[in-house]
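The values are calculated or read from the model by the stated rules, or taken from the named source; none is laboratory data. Since the model is a prediction, treat every value here as computed from it, not as a measurement. Neighbour counts run over all protein chains shown; Cβ positions are idealised from the backbone, glycine included.
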Amino acid sequence: MDITEKMYRAFSGLPATDTLSFGSKANPEYTREHLALSITPANLLLALHRAREAHELAVSYRNFKVGAAIVALRVGGASNFQILTGINVKPDENSSLNGHAEQMAFFKAKDRTFNAVSIVAVVGKTQTDQQSGNEMYTLHPCGKCRAFMSQHPLVDPEITLIATALPTLRTIELSSLNELHTYHDTDTHLDDEIPRFELPDLSLLRPFTPKAGQILSLDDSPEAYEDERIWDNTIGAFLTEWRLKHLRS
């Protein structure tokens with residue numbers, strides 16, 4: 001497949017990884033408090049899956065693929081949210097086209113008039129950060145994307161959750177944008193400053209491709225229940241503390 005065809009397939013296929021807009025009967029309107037409350041284990045898991053699906057559509061001359069997914073909300077109006085995705089695009093080394101996955105997802109959110117983002121999920125193989133020179137366990141947003149999000153009105157630098165994961169989704173790091181800046185933009189960072197989770201091979205982390213017209217439902221097998229328990233006892237417990245910390249502030 002040549003690069004033109006690959007780009008066409010990527011851009012034409014990418015919207016399929018976006019979710020439909022969801023409403024909330026519990027909260028008729030979103031507030032800053034609900035921004036924190038939308039950071040749930042289920043929303044995070046779906047965002048990570050969508051970021052991994054987008055990652056497969058990325059266009060990179062050196063096969064360095066990045067996928068991103070954001071949980072975008074409308075705050076102060078009709079209660080609804082959507083998971084929007086983006087990919088990195090650089091078809092050749094000297095190309096003037098150099099798109100970043102996180103920024104593509106945010107551009108979608110602006111076009112669709114969302115005004116807050118509670119989760120940013122990034123999936124890709126890790127590398128040395130080009131701006132700070134730091135080695136990373138997962139692929140953090142690059143310096144340009146960190147600066148982009150710092151200036152973006154949809155991002156709360158303390159509440160918005162930045163979730164980065166390897167393509168297996170078994171290694172996950174969770175942080176705020178401010179914590180990423182501290183890690184990359186100062187000389188005081190420590191390896192344990194960004195919470196990292198190493199998960200076993202859980203069935204809910206494996207890729208799934210539903211058939212046309214298929215309705216996804218939770219598996220009620222004992223293995224599935226055990227996998228959900230592990231997810232909730234690790235990631236879910238962290239997110240509960242995350243929400244409580246910000247709801248108290």
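Condition check: crowded, with 23+ Cβ neighbours inside 10 Å and over 27 Å from THR186 (Cα atoms). Does ALA101 satisfy that? Step through it out loud before you land on a result.
On the way: crowded, with 23+ Cβ neighbours inside 10 Å: yes; over 27 Å from THR186 (Cα atoms): no.
When the stated conditions are applied, ALA101 does not pass them.
Here is a yes/no grid of residues against (1) over 22 Å from HIS49 (Cα atoms); (2) among the basic types (Lys, Arg); (3) in contact with a helix residue (DSSP H, G or I) (Cβ under 9 Å, 6 or more places away or on another chain):
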position: LEU73; (1), (2), (3): no, no, yes
position: GLY99; (1), (2), (3): no, no, no
position: ILE119; (1), (2), (3): no, no, yes
position: SER132; (1), (2), (3): yes, no, yes
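Condition test on ARG52, is it touching an Asp or Glu at 6+ places or on another chain (Cβ under 9 Å), farther than 18 Å from LYS110 by Cα and at pLDDT 70 or above? Walk me through it before giving the result.
Numbers: touching an Asp or Glu at 6+ places or on another chain (Cβ under 9 Å): no; farther than 18 Å from LYS110 by Cα: yes; at pLDDT 70 or above: yes.
Spelling it out, it is not the case that ARG52 is touching an Asp or Glu at 6+ places or on another chain (Cβ under 9 Å), farther than 18 Å from LYS110 by Cα and at pLDDT 70 or above.
Kindly list, by first and then second residue, each pair from a residue in the range 91-102 that is without any contact (Cβ under 8 Å) to a residue 24 or more places away in the chain to a residue that is part of a loop (DSSP other than H, G, I, E, B), limited to pairs with Cβ atoms under 9 Å and residues at least 6 apart or on different chains.
LEU97/PRO91; ASN98/ASN88; GLY99/ASN88
Starting from residues that are closer than 16 Å to HIS184 by Cβ and aliphatic (A, V, I, L, M), keep the ones in the range 109-138 and report whichever is modelled with the lowest pLDDT.
Just the residues of the range 109-138 that are closer than 16 Å to HIS184 by Cβ, to begin with: 120, 122, 126-138.
Those still in the list that are aliphatic (A, V, I, L, M) too: 120, 122, 136.
Values: VAL120: 98, VAL122: 98, MET136: 92.
Step by step, filter the range 109-138, then rank; the result is MET136.
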